[in-house]
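All remarks here apply to the structure that follows.
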Number of protein chains: 4
Amino acid sequence: MQRGWARSAACLRVHGPDQQGIVRACSQLLDKFGCAIMKSEQYTDPRLCHFYQRSLFHPSNHSYTDDRVMFQSELKSEIIDELRTFQKQFGLDMVKVNFRDKPKKMAIFVSKYDHCLWEILLRHEARELDCDISVVISNHPDLGEIAKSFKIPFRFIPINPENKKEQEKIELDILKNEFQVDVIVLARYMQVLSNDFLNAYDRDQIINIHHSFLPAFMGAKPYNRAYQRGVKLVGATSHYVTEHLDEGPIIDQDVIRVSHRDEASDLVRKGRIIERNVLLNAVEAHLADRIITHNNKCVVFSD
Amino acid sequence: MQRGWARSAACLRVHGPDQQGIVRACSQLLDKFGCAIMKSEQYTDPRLCHFYQRSLFHPSNHSYTDDRVMFQSELKSEIIDELRTFQKQFGLDMVKVNFRDKPKKMAIFVSKYDHCLWEILLRHEARELDCDISVVISNHPDLGEIAKSFKIPFRFIPINPENKKEQEKIELDILKNEFQVDVIVLARYMQVLSNDFLNAYDRDQIINIHHSFLPAFMGAKPYNRAYQRGVKLVGATSHYVTEHLDEGPIIDQDVIRVSHRDEASDLVRKGRIIERNVLLNAVEAHLADRIITHNNKCVVFSD
Amino acid sequence: MQRGWARSAACLRVHGPDQQGIVRACSQLLDKFGCAIMKSEQYTDPRLCHFYQRSLFHPSNHSYTDDRVMFQSELKSEIIDELRTFQKQFGLDMVKVNFRDKPKKMAIFVSKYDHCLWEILLRHEARELDCDISVVISNHPDLGEIAKSFKIPFRFIPINPENKKEQEKIELDILKNEFQVDVIVLARYMQVLSNDFLNAYDRDQIINIHHSFLPAFMGAKPYNRAYQRGVKLVGATSHYVTEHLDEGPIIDQDVIRVSHRDEASDLVRKGRIIERNVLLNAVEAHLADRIITHNNKCVVFSD
Amino acid sequence: MQRGWARSAACLRVHGPDQQGIVRACSQLLDKFGCAIMKSEQYTDPRLCHFYQRSLFHPSNHSYTDDRVMFQSELKSEIIDELRTFQKQFGLDMVKVNFRDKPKKMAIFVSKYDHCLWEILLRHEARELDCDISVVISNHPDLGEIAKSFKIPFRFIPINPENKKEQEKIELDILKNEFQVDVIVLARYMQVLSNDFLNAYDRDQIINIHHSFLPAFMGAKPYNRAYQRGVKLVGATSHYVTEHLDEGPIIDQDVIRVSHRDEASDLVRKGRIIERNVLLNAVEAHLADRIITHNNKCVVFSD
């Protein structure tokens, strides 16, 4: 979770081939604009010689609006300009700043299971998630009432092999044009997104929860297969969605103990407890700009 | 672990197709011989309609020798006879009693990694394992000194594709004839046992530790593959060895958290902490007769 | 959680000074009435020489109504009569049978925190809890809307030092006369119940969740004190309520990792994740008759 | 654990009242000397407005000796000088650099329990701990053989109320004069150190393992008291030793699940599994200079 003070700070993420001087140049840059760094983590992968950094900062004489630090728009432009120069100078893969002057816009995709949807909505209401929830989209009508009880638009868009292409176009229209959605959370959505759909978003904008400890039990019916195999723990994995099913970069994982007395339906029930936590850990980390994806892996900075 | 009092009790394990009256008949049988039941767990799988039970008991007027309850040999024979009748009457798959008048004899197979070997030897010395450790066998000479420092015979039996058949014969001669070993623990032994070897033992007499959360990363180099995949937890799995590599019935599993900062060698290091615990949980459960294998799964009764 | 088949079985709990023959007599008794034992755990504490048992059983030719096994009322009376005799014969402290022909009636007490209330209501709706939720009682009006959205009566009963005595009388009238409540769950209820109130119920009918790893941080503001102490884990404890504040028998406990970056408010937020799980584990175990209290401790049989 | 590459890097720890420019000044300083920062974490406590930082760095053209980076002694002096100026300029409480050109010297204090001693010695032998183990000191002779088998000097120094003062003087002579010990690990040492003894070391040089989840069960016999209370988890806590018994800053904690079947002796046995891990986590973090103590709390930077 983003702590109160952290929520109010801008976030800078940087990664690229390591070089001496990046840390210095970066801190000088922020210092020059009178920005104070509240929290920073930096790490060089010794095998890849690759540099990763995340820093939270705010202007030294900052004012708050709605719990958010307001950077003057001129200051923002100047910082962005200098960061561009900084990126070129060091040949970095990514230099991304989020001034957090407005919350991210989230869409939630669901089918019939409601536990992950409830978890997102309740933690959002408890002000644990720094985002606006724009819309809930589902291929089944069942969970519409829940969305509505939180006053969130619900769109029922049934999918079958025949209509998939055009229905996804409708979804993208809702996401892109109607709501300008920044992040999509698949909260036990039981449809595979097509590559056309995926290509409308970056590879770190769609988060899925898979109900197994990946890479064990990729694909369908993981709890049944876990039951058949007689495992002693069942797991859940949150990951970014890529064109390779269940093979995207892993954000978080957890497990829960089961026993020989548990039937497949008990694994389903027990699994729900960790699915929602693992998904929410991922969502929260994403919203707080705590993740850098690189080489099909996630660097997840500490909360 | 087997508690002090439990160590001193006989153990009865029963499984087979469920029928009314099994529990009653079984408790009457023990009662008739003046045996007191100290602990009992019974469970019917509702899907398979299959019955599983484990009971600890001792004669009501029992004397101890070396911390063990001594059943008179006549009493033992009579109990065994009646249990045979009981088994026939109810058509049970297994009725197995262990009077625990002598410890099981264990052989440990190792290669070069020493952490699981140390763990077994130290917990044995701490009197946590109710067994005699007869011999340590290895395809490398490296760990001989450790075995010797605990005064346990060590046999160096190098294996290569050419000599495997005959070397395994030598191993079986040591296990069967020289030491009458009851249970074999593969404590990070890096050779695959042949079917000929396996057939010399039952399918619940050889315990292995695999350094992944099975069925993820079956086979070789699981930590490297876990590193490549970018998992956020690494696991360990103890299981009985069958002819299908890494597919035998799972006894215990556990995981430990890793991060993007961990290289493959760090996964190896962190994994050691759970490998030894998961292996020892399995060994201890086996020694305490807490496991029933059925349908390639383990029923593991509570400690 | 109570599995489907288990929910449909009667439950017998027994405890008292150990004696030979209890297990036999008990299984004979059930067998005589044609009852099949589906699951049973029995355990003798070797230090106290005290016997504990829980057995699930159903009539051999049973019919279901609403997912419940129906025992004929005559059969029930006969079983109860014989169990009374059995209790006397062996001088047992408790012999308690629950035929599960109707769900327990639960009241939930809350103040302003809603996460435990949500958890109970959602898991109840997911059919994970075998009970009727009769009423939600609160000393604040805030959570009334939540209760109502689940169509559960909500009673706002403000408490202050002056009116406590009479307000508790009103509460007891609601609980006892209006709803015949069997179990009370204090889901982060911030008032201490008086001894008069407690005496209206048994010592294993009121369940509380305390937001610390008891006995650490008994009493008020445990998260603040945990923050002050600089602990690396925060805990939650569910227990039965007795006249000694936070000293009743512990049903379940769990912990979650925190760091130096977490402020007191972060401990509150992270703690919510385990509070609800620990409370629900306790509620579920209670509803499934899996608990025996003895000597201010809980024997919690396996699920 | 210190990773290979990290072991070979110098470590800088800084803390003090927060001010703008610290990060910049610090990175400029290292950059000026041609040092590359491999890993850095920085954090400002928003409530205390207090700044904490840890950075790993090495000279850009560095050579290795024995797996260690060698800083030229002239370079070291210059860095130290500039850091002194930096500390004054920003009014910092602590600016501490460790060039890691030689391992820390550790003394281990034990009594009769051997599991923590074994763990330290085995992980040291597995090259997981970057230190020299100078001496094992004990008030009992029992564990001398273990120390000797690792070729580590063992000193038997019995303590009773009468001789405590003078015996501690002998101990200090061994620690200070004979071995120049930097860190003392109390590996289940059952004596309380006097204030005179403690004053010979800093408040972050002596590490203890307490066999409970502090602050629960401070003082003697925590497992017995945990058993009496009927807890469902037992814990272990590693902390720096201060003049207030069991109240020093906590470095790490963990818990393990226990049940009603566990007697006090079982808690002791199960607790051993976490005691050694929690102690070793603390020792490893200390040796890697990952800890800053402040306000009786530990900031523990990530591994």
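Quick notes
- Test result for A:Ser259, of a type outside the set (A, V, I, L, M) and in a strand (DSSP E or B): no
- Of all residues in the range D:162-178, exactly one satisfies the criterion of being touching a strand residue (DSSP E or B) at 6+ places or on another chain (Cβ under 7 Å) and surrounded by fewer than 19 Cβ atoms within 10 Å (Cβ to Cβ), namely D:Ile174.
- Members of the range C:240-261 that are open to solvent by less than 30 Å² (accessible area, probe 1.4 Å) and more than 8 Å from every other protein chain (Cβ to nearest Cβ): C:Tyr240, C:Val241, C:Thr242, C:Asp246, C:Gly248, C:Val258
- Of the residues making up the range C:197-228, those that are within 14 Å of chain D (Cβ to nearest Cβ) and touching a Pro at 6+ places or on another chain (Cβ under 6 Å) are C:Ser212, C:Ala216.
- Applying the condition of being part of a loop (DSSP other than H, G, I, E, B) and without any contact (Cβ under 8 Å) to a residue 24 or more places away in the chain to the range D:38-51 and asking which residue is farthest from the other protein chains (Cβ to nearest Cβ) yields D:Arg47.
- Residue that is nearest to C:Phe179 (Cα to Cα) [pool: residues in the range C:143-158 that are open to solvent by less than 30 Å² (accessible area, probe 1.4 Å) and outside any loop (DSSP other than H, G, I, E, B)]: C:Ala147
- Residue check, B:Lys270 outside any loop (DSSP other than H, G, I, E, B), open to solvent by 10 Å² or more (accessible area, probe 1.4 Å), within 30 Å of D:Met38 (Cα to Cα) and assigned by TED's automatic domain parsing to the domain that holds B:Asp289: yes
- Any hit, the range A:23-37, residues being more than 9 Å from chain D (Cβ to nearest Cβ), loosely packed, with under 15 Cβ neighbours inside 10 Å and either within 21 Å of D:Ala25 (Cβ to Cβ) or at pLDDT below 90 (or both): no
- For the range B:102-151, a residue qualifies if it is touching a strand residue (DSSP E or B) at 6+ places or on another chain (Cβ under 7 Å) and among the small types (Gly, Ala, Ser), and the qualifying residues are B:Ala107, B:Ser111, B:Ser134, B:Ser138, B:Gly144, B:Ala147.
Residue-by-condition table, conditions (1) surrounded by 16 or more Cβ atoms within 10 Å (Cβ to Cβ); (2) touching a helix residue (DSSP H, G or I) at 6+ places or on another chain (Cβ under 9 Å):
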| site | (1), (2) |
| --- | --- |
| A:Asn160 | no, yes |
| A:Gln180 | no, no |
| A:Asn199 | no, no |
| A:Met218 | yes, no |
| A:Tyr227 | yes, yes |
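- The range C:84-130, residues that are under 13 Å from C:Glu284 (Cα atoms) and β-branched (Val, Ile, Thr): C:Ile120
- Residue in the range A:113-120 that is over 22 Å from A:Asp204 (Cα atoms) and either free of Cβ contacts under 8 Å to residues at least 24 places away in the same chain or assigned to a helix (DSSP H, G or I) (or both) present: yes
- Extreme residue, farthest from D:Gly235 (Cα to Cα), among residues of the range C:275-292 that are open to solvent by 10 Å² or more (accessible area, probe 1.4 Å) and not charged (D, E, K, R): C:His286
- Scanning the range A:226-256 for residues that are charged (D, E, K, R) and not in a loop (DSSP other than H, G, I, E, B) returns A:Arg229, A:Asp252, A:Asp254.
- The conditions of being closer than 29 Å to B:Arg272 by Cα, part of a helix (DSSP H, G or I), open to solvent by 10 Å² or more (accessible area, probe 1.4 Å) and touching a residue at least 40 places away in the same chain (Cβ under 8 Å) are met by D:Tyr223.
- Flag if A:Lys76 is charged (D, E, K, R), exposed (fewer than 14 other Cβ atoms within 10 Å of the Cβ) and farther than 30 Å from A:Tyr189 by Cβ: no
- The range C:108-156: number of residues that are among the small types (Gly, Ala, Ser), more than 16 Å from the chain's Cα centre (by Cα) and more than 21 Å from A:Ile146 (Cα to Cα): 2
- Qualifying position, being facing another protein chain (nearest Cβ under 10 Å) and at pLDDT 95 or above, among D:Arg290, D:Arg276: D:Arg276
- Screening D:Phe99 on (1) within 14 Å of chain B (Cβ to nearest Cβ); (2) in contact (Cβ under 8 Å) with a residue 60 or more places away in the chain; (3) under 25 Å from D:His58 (Cα atoms) shows it passes everything except condition (1).
- Every listed requirement among (1) open to solvent by less than 10 Å² (accessible area, probe 1.4 Å); (2) in the same structural domain as A:Pro158 (by TED's automatic domain parsing) is met by A:Phe86 save one, (2).
The values are calculated or read from the model by the stated rules, or taken from the named source; none is laboratory data. Given the structure is predicted, the values throughout are model-derived calculations rather than measurements. Every residue, glycine among them, receives a Cβ derived from its backbone with ideal geometry; neighbour counts consider all protein chains shown. Side chains are part of the model used for accessible areas, which takes the heavy atoms of the whole protein and leaves out ligands, DNA and RNA. Shrake-Rupley method; radii C 1.70, N 1.55, O 1.52, S 1.80 Å.
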